[in-house]
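Notes follow the structure.
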């Protein structure tokens, strides 16, 4: 495979309540990742509001995969954490709204309308609405994707 992944934001129902669950996407499509950290497992099944969230600890790297975790999915927008294995990425696409990437570990290559940007931990970039963009992991990295639907 080419290491390029499409992503979908998903919620899982637990006791008839939608909660964000740790997810990853491999060459076979969407597959659940079983967390091996009990603290992380406990946080998957609880409301994440009104608490301090250690972003770097909320999503784990999975070799050869893109792992995502939806922290919030509301009508007005989403917050989604991603952990990219080296060589992985999100294929070029457009979105009807501006989206912000904040890198929290490592370095991402973000391509917007053919221009490549190296975005490092502690930095962010805003991807304009309706303009083609893609994300590549030349090395493994983690990011928070902020999408505001307005």
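Regarding segment 78-87, can at least one residue be identified that is without any contact (Cβ under 8 Å) to a residue 60 or more places away in the chain, within 18 Å of residue 108 (Cα to Cα) and surrounded by fewer than 16 Cβ atoms within 10 Å (Cβ to Cβ)? Within segment 78-87 (the criterion being without any contact (Cβ under 8 Å) to a residue 60 or more places away in the chain, within 18 Å of residue 108 (Cα to Cα) and surrounded by fewer than 16 Cβ atoms within 10 Å (Cβ to Cβ)), the answer is yes, since at least one residue qualifies. Of all residues in segment 56-72, those being crowded, with 16+ Cβ neighbours inside 10 Å and either touching a residue at least 24 places away in the same chain (Cβ under 8 Å) or closer than 22 Å to residue 128 by Cα (or both) number 11. Whether any residue in segment 12-34 is under 20 Å from residue 142 (Cβ atoms), at pLDDT 50 or above and in contact with a strand residue (DSSP E or B) (Cβ under 8 Å, 6 or more places away or on another chain) is what I want to check. Checked against the condition, which is being under 20 Å from residue 142 (Cβ atoms), at pLDDT 50 or above and in contact with a strand residue (DSSP E or B) (Cβ under 8 Å, 6 or more places away or on another chain), segment 12-34 yields no hits at all.
Restricted to strands (runs of 3 or more DSSP E) entirely inside segment 93-150, no element has at least 2 residues that are buried (at least 16 other Cβ atoms within 10 Å of the Cβ), under 16 Å from the mean Cα position of the chain (by Cα) and without any contact (Cβ under 8 Å) to a residue 12 or more places away in the chain. Take the conditions (1) at pLDDT 95 or above; (2) surrounded by 16 or more Cβ atoms within 10 Å (Cβ to Cβ); (3) not in a strand (DSSP E or B); residue 48 misses just one of them, which is (1). Does at least one position in segment 74-86 carry a residue that is more than 26 Å from residue 131 (Cα to Cα) and modelled with pLDDT of 50 or more? No, segment 74-86 contains no residue that is more than 26 Å from residue 131 (Cα to Cα) and modelled with pLDDT of 50 or more.
The values are calculated or read from the model by the stated rules, or taken from the named source; none is laboratory data. Small disclaimer: the values here were computed from a predicted structure and weren't measured. Note that we place each Cβ from the backbone using ideal geometry, even for glycine, and neighbour counts take in every protein chain shown.
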